[in-house]
Amino acid sequence: MASPAVRAPKREKDPKKRVVITGMGLVSVFGSDVDKYYEKLLEGQSGISYIDRFDVSKFSTKFAGQIRDFSSEGYIDGKNDRRLDDCIRYCIVSGKKAMEHAGLGSEVGYKVDKQRLGALVGSGMGGLTVFQDGVLALIDKGPKRMTPFFIPYIITNMPTALLGIEIGSMGPNYSISTACATSNYCLYAAANHIRRGDADVIVAGGTEAALIPVGLGGFIACRALSHRNDDPQTASRPWDKDRDGFVLSEGAGVLQVMESLEHALKRGANIIAEYLGGSTTCDAYHMTDPRPDGLGVSNCIERALRDAGVSPEEVNYINAHATSTSAGDLAEMNALKKVFKSSSEIKINATKSMIGHSLGASGGLEAIATIKAITTGWVHPTINQFNPEPSVPFDTVPNVKKQHEVNIGISNSFGFGGHNSVVVFAPFHP
């Protein structure tokens, strides 16, 4: 564990500006229960399987992190449920579950000042199923057969807007869309709203449902996906020399609250962890490729640590973006080596090795994994570590979980366009 004696001087002390986590909710390949999700991660289970949602016989990649047996019962009424895009359904269910976890659910009437309640849940792709079905209807049957919900359900702000209607959020309510960095951008923005006094409570995170023919085909065309069809569960292998691309996945990850410490203490909330800070930057380099030197990422990490009032020496856990792509994994590693001069006390792992890459939702799901590492004292493994890259100096927790007391944890997310985002969490201390 990193020495607690090394302290940066500007850690936030004002309870109105300190931001804590009081509830979490998710939808994932491992189900919709936060504790069970993390248990599966600790066990090193893979959630990757062959796609059976649609015919993949003509696709060069035939597997993904497909969500099965999802149920919105008790969270969305049947009429709406049948017509909503999955990215909206995942958002509403995970958002309401997070509210329940925070003791602010429907059973208490979402008991919070609605004008001080916000919702910032983003999506990288929006309502892709509704978009695909609408285009097919237009081509096959003409414009009169298009659903009137086509435009509302494809735009990326609609998941958070409809969640806001459900919970009565009248404070800051909007979405951010920065590809696979979306969730962290939303967490960072939400925390800053709380720090400025714009809201007491904000439901924040990301949602994505791109596992449909046009989504799979599009990423294959980008040459971004693994083609390891003979063994899908070993396809996502960050930092392994034989990695060949990422594994497409789906889901939603929401941290409900983000809540001011003052508000949480006043209502007697169970405080899970503390958000210390974050940052966003851009590579300004290439549409899809990361900067090989990791400069945009290292700048983002350094800015996030300054925002958090944390020195690099205090950080002893990193939940990496680590998608299992040839260029991306090493670019992120180059950035980490620039910021963290000593790797001996740091554990770094890749959640995507087990659940795949859920695009705009990945940061939310990984932030939850980061917080669970803090609260349980166990960090999940990075599975499929068979032939590790020699240039990786960190302990990547290969294949088996490790007990580790997290002092400060960071979670990285990066997206097409060069968007970088980092958020910083710690155990809560009054």
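We did not get these values from a lab; they are worked out from the coordinates using the rules stated. Note that the coordinates shown come from a computational prediction; the quantities given were computed from them, not determined experimentally. No Cβ is skipped: glycine too gets one built from the backbone with ideal geometry, and neighbour counts run over all protein chains shown.
A compact table of results
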quantity	calculated
S249 long-range amide H proximity, modeled H, under 5 Å	G65, H357, S358, L359
Sequence-distant residues sharing a close amide H with E274 (under 5 Å, placed H)	I21, A426, F428
Trypsin sites (Lys or Arg not before Pro) restricted to the stretch 103-170 and DSSP loop, no more than 16 other C-beta within 10 Å	K111
Nearest-20 debye value, the chain charge dipole, Cβ charges on Lys, Arg, Asp, Glu	680 debye
Label selected from [x] 30, 28, 18; [y] 37, 33, 25; [z] 37, 26, 24, the criterion being semi-axes √(5λ) of the Cα gyration tensor in Å as computed here	[x]
Size of electric dipole in the stretch 173-331: Cβ of Lys, Arg +1 and of Asp, Glu -1, about Cα centre, debye, nearest 20	240 debye
Whole-Hz ³J(HN,Hα) from phi, Karplus 6.51 cos²θ - 1.76 cosθ + 1.60, for the stretch 170-177, glycine and proline x	10, x, x, 8, 6, 10, 10, 10
At most 14 other Cβ within 10 Å, DSSP loop - GluC sites (Glu not before Pro), the stretch 64-163	E73
Charge sum, other residues only, whose C-beta stays under 10 Å from E12's C-beta, Lys/Arg counted +1 and Asp/Glu -1	+4
25 °C / 0.890 mPa s Stokes-Einstein diffusion coefficient of the stretch 95-190, Kirkwood radius on C-alpha pairs, µm²/s	166 µm²/s
Positive-end residue of A369, A210, L138, charge dipole of the chain with Cβ unit charges	L138
Whole-angstrom gap from the stretch 114-179 to the stretch 341-395, using each part's C-alpha centre	31 Å
Long-range HN-HN contacts of S279 with modeled amide H, under 5 Å	V422
